[in-house]
Every structure is written in structure tokens, then in C-alpha cells.
1. Hey, can you tell me all the residues within segment 143-157 that are surrounded by 20 or more Cβ atoms within 10 Å (Cβ to Cβ) and within 14 Å of the chain's Cα centre (by Cα)?
2. Just to be sure I understand the filter: pairs with C-beta atoms under 7 Å, separated by 6 or more residues or on different chains, first member in segment 169-181 and within 15 Å of residue 157 (Cβ to Cβ), second member surrounded by fewer than 22 Cβ atoms within 10 Å (Cβ to Cβ) and of a type in the set (Ser, Thr, Tyr). Which pairs pass?
3. Would you pick out the residues in segment 159-207 that are assigned to a loop (DSSP other than H, G, I, E, B), of a type in the set (D, E, K, R) and farther than 17 Å from residue 74 by Cα?
4. With the requirement that a residue be out of contact with any Gly (no Cβ under 9 Å at 6 or more places or on another chain) and either within 23 Å of residue 76 (Cβ to Cβ) or of a type in the set (Asp, Glu) (or both), what does segment 112-129 give you?
5. I'd like the full set of residues that are closer than 25 Å to residue 183 by Cβ and in a loop (DSSP other than H, G, I, E, B), limited to segment 126-158.
6. Hey, could you check segment 192-207 for residues that are modelled with pLDDT of 95 or more and farther than 25 Å from residue 63 by Cα and say which is surrounded by the fewest Cβ atoms within 10 Å (Cβ to Cβ)?
Amino acid sequence: METPAYLSGLDTWFCSRYSDYARLGAIEGYEMPELLYIAKDGNVARRDPSCMRLSHQSDPETLLARFKEGLVDTTFTFSFYFPKFRARVRSYFSKDTFAKRLPKVLESCGETVGGIGEKLTVEPRFWKKIVAGSLFPEKNTVLAVALAAGVRHDGLNELLEASGFGMDDASVRDVVVSFLITQHITNTEMIARCLAEYRITNLPLKL
């Protein structure tokens, strides 16, 4: 059966973005590039580490297939965590918290706090506390909210920043989510296929 175009696009994206070079270098058949070279001025120079990504290999498709075979999602966390006293006080006075930014970000997507809660596997009692600011969301929860709402990258970054997180190209999960957000893929079946392709199982998202 022919691979859907969006999955092929994800593979291309992944090969050009994923940057855990220790894991890439461990793939059978991976050819480590020469990072040091002699520049035109005769001095020793160092290439940008991005040359180690799969997109620069002679056979990225085969290497990616081997990489996928060993994938296991290690990103499990609870959906939330309890803020320490100082963090609670700081968030009370700050305008830049997840709970305070969330309604505006969701409004720009035509969504509501209650509607998004129904698209997550977070228990309703905990979701209410997260949106009230008495509990803080873990990164998996922030990413799940972004996918459920179909936010753009600026909205995702806003929610991550407010939660104390950021995207990481050395994370399989983050690279796949970044693709879905960038391509504005909101179809739940397509999202599920992309996550399953890279063994991402720990996002609290109803699919």
C-alpha cells in the first residue's frame, strides 16, 4: 500500500530536523561525517553539527527505517505537577502563565477551555485545576492541547514559554509535533497515524 503523502512529508521533515546525534550515530550503516576540515585560509574549521542529520546521509530512507524499529516512547509524565509555594505566588501576580494565556490562544483557534478538555485524556477535575492555575501542566499536556486545538507555532511557543518549556529537535516527540503544527494537520486520524509511526504513545490526547 502506498505511503500517504503526509507520512512521507513527516519522514522528510524528521530526517532534516532530528538532532540526537548519539542515537543517529548508533544506527547500523550510519556514516559519521568529517566535522573538522581545512578551510581556504589554511586553518582547521569545524562544520555545523547539522551535517550529522539523516538528510545528509547517502541512504536516509534505510537508516530511518532502522531507527524506527528501535523506537520506544520514554516521555511519560503525569499530566500536571504541583507548583511550589514560590511558583504559586509568582504565577498569581504574573500575566505570563499557562492558565492566563490559554483562553486567548484557544480563542484564536475557535476553541474553548471546556471544549479542549473534552479532547484530552486528562481527568476533568485535574483539567479544571490546570486551567485555574492551581496545577501546572507538564510538557506532554501542553503539546496535546496544541494538537487538539490546531494552534499555530506562535501559539504553541506561547503556551510552552508560559509553562517553562521549549521545543527540542533532539526529541522524537517534539520533532513530530513540530511537523504536525507547522503543516497545520488537525485531522485526528492523520495525527494518530503520525504519532504511531514514531511510537509516540504518551500524549494525553483522545484520538
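The values are calculated or read from the model by the stated rules, or taken from the named source; none is laboratory data. This structure is a prediction, so every number in the text was calculated from the model and none was measured. So basically every Cβ, Gly included, is an ideal-geometry build from the backbone, and we count neighbours across all protein chains shown.
1. 143, 144, 145, 146, 147, 148, 151, 155, 156
2. Listed by first residue and then by second, the contacts come to 169/19.
3. 206
4. 116, 117, 118, 119, 120, 121, 122, 123, 125, 126, 129, listed by residue number.
5. 138, 150, 151, 152
6. Among them, the one singled out is 206.
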